[in-house]
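Written below as structure tokens is the structure these notes are about.
The values are calculated or read from the model by the stated rules, or taken from the named source; none is laboratory data. Keep in mind that what you see is a predicted model, and the values were worked out from it rather than measured. Using ideal geometry, Cβ is built from the backbone for each residue, glycine included, and neighbour counts are taken over all protein chains shown. For accessibility, only protein heavy atoms count, side chains too; no ligands or nucleic acids. Shrake-Rupley method; radii C 1.70, N 1.55, O 1.52, S 1.80 Å.
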Amino acid sequence: NWSGSLIVASLTGAFGSSFLYGYNLSVVNAPAAYIKKFYNETWERRYGFSVDEGTLTLLWSITVSIFAIGGLVGAVIVTPIVKFFGRKRTLLLNNVFAVTAALLMSLSLLAGSFEMLILGRIIMGVDAGISLSALPMYLSEISPKEIRGSLGQVTAIFICIGVFTGQVLGLPEIFGQEPRWPYLFGAIIIPALIQVMILPFLPESPRYLLLEKHNRSKAEKAFQTFLGKDDVSHEVEEVLTESRVQRNTKLVSILNLLRTHAVRWQVITVVVTMGCYQLCGLNAIWYYTNNIFSEAGISRETIPYVTLSTGAVETVAAVFSGLVIERLGRRPLLIGGFGLMIVFFAILTVSLTLQKTVHWLPYLSIFCILAIIASFCIGPGGIPFVLTGEFFQQSQRPAAFMIAGTVNWLSNFAVGLLFPFIQSGLQTYCFLVFAAICFAGATYLFFVLPETKNKTFHEISQAFAKRNKVSLEMQEVNHYPGERKASAEQESNFTSSVDNGEAKKEIA
């Protein structure tokens, strides 16, 4: 089922999208000291005195955290963009933000303006907010249901590869030196340009072409390209069967989606999984990594190289998840990932609390860090994006991804804002807070989440019908409040709209 076009589309889409998100999460760590020095020198040149420590800390905090604010903006504006431009073209146009941000950040030192770096970070956040919704949407719509989970995990895999690449390029031998740090941000242009060169030669989402553009001929060609076969009548008919009742409807708004009883538990599940994705404590792990490595006796000069092990473990675990997700399913990996995180958070808390009394406990702490990262990437790190694409019908999907993205970025910002206070108040016991969040998430998913592997979107809706307390027929009607056409009339209008769309194309 893995055609060449499907592989190229997933890799190219992810390299210019989720890769850049992961890269920008880690790229600011290595040059932090040099960037702060740049801020101080710029301030002194402008005002004739050095910036005080509090202001410098505030400027640096803004530089790091404003990426999440940009991400929230991107998540909010993605719905009308993917509706108007389509999934593929949205990914292409999104590179304008990436290239603009890369130029601003890489030229900030030369221009002597730290404002350019901060502005570049927020623009890069907008790029990430759009791509983390548009990419999973595109991947879920171009893949056969048999490999939809594996293809969806490409998003998470490239986030991990981006984090690891940022760590590697930040080494002193590469760009982790004072005069070279702007190159770390200039490198963002390369994935963006590669995507711009390759993605135009690949088709748009066939579901988008068929259900939103009413163009059956282009949809069939897209299916043929992605599936690598000539006869795609079964796939086309499957899409039509699943989505027949929504053919004459417009894009569902967020408010309508939230009011729709037929998807109430799908929305709640997406909010829970996306919230736990950010609040489960992985950011806290990154915060503690250097301290734990230092306590284990690793020299400060060696720590950047040892830190690469975290990025490597993250990448390997994400690839492993992509390989087994269609065998084990989404549910075991997601619940199991949170369960393992609970166990290793508990061990890490004990290890950090007692590490000064037992000489070998710092090494146990290192193991726990790597185990928590691996547990996260096996399930919680990528499956929430897959589920968001699987839970909703075609016209609901943009609004669903907007809700998921908003929760994702607000949670990201909350962690950055609140974690220093949690850590200051609880010290090493702060990890118990994250263990509790993982426990709450795993418990909810155990009772609510159905298995979605190898199921059509229609079958997944059926799995939630009983919990939403609607019959399947009522569920289909409730997808679009206010529209109460008879099924036969809808089918007739559905077919004629597709045919008319094709006829107009042929006349043109």
**Item:** Subset of region 86-102 (residues that are in a helix (DSSP H, G or I) and open to solvent by less than 70 Å² (accessible area, probe 1.4 Å))
**Value:** R87, K88, T90, L91, L92, N95, A98, V99, T100, A101, A102
**Request:** Could you look through region 174-201, keep only residues that are part of a loop (DSSP other than H, G, I, E, B) and either β-branched (V, I, T) or not assigned by the TED database to the domain that holds F85 (or both), and pick out the one that is surrounded by the most Cβ atoms within 10 Å (Cβ to Cβ)?
**Result:** I188
**Asked** Could you list, in sequence order, the residues of region 103-114 that are assigned to a helix (DSSP H, G or I) and either in contact with a helix residue (DSSP H, G or I) (Cβ under 8 Å, 6 or more places away or on another chain) or open to solvent by less than 50 Å² (accessible area, probe 1.4 Å) (or both)?
**Response** L103, L104, M105, S106, S108, L109, L110, F114
**Prompt:** Of all helices (runs of 4 or more DSSP H) completely enclosed by region 1-65, which ones contain at least 3 residues that are within 26 Å of L93 (Cβ to Cβ)?
**Reply:** 4-15, 18-26
**Fill in**
So, first residue under 17 Å from G162 (Cβ atoms) in region 309-334, second residue among the small types (G, A, S) and assigned to a helix (DSSP H, G or I), Cβ within less than 6 Å, six or more apart or across chains; the pairs are V313/A374; A317/A374; A318/A156; G322/S150
**Asked** Do you know which residues across region 262-321 are among the hydrophobic types (A, V, I, L, M, F, W, C), outside any helix (DSSP H, G or I) and surrounded by fewer than 19 Cβ atoms within 10 Å (Cβ to Cβ)?
**Response** A296, I298
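The rows are residues; the columns are (1) open to solvent by less than 20 Å² (accessible area, probe 1.4 Å); (2) at pLDDT below 90; (3) of a type in the set (D, E, K, R).
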position	(1), (2), (3)
F38	yes, no, no
E53	no, yes, yes
T57	no, yes, no
W60	no, yes, no
V64	no, yes, no
I69	no, no, no
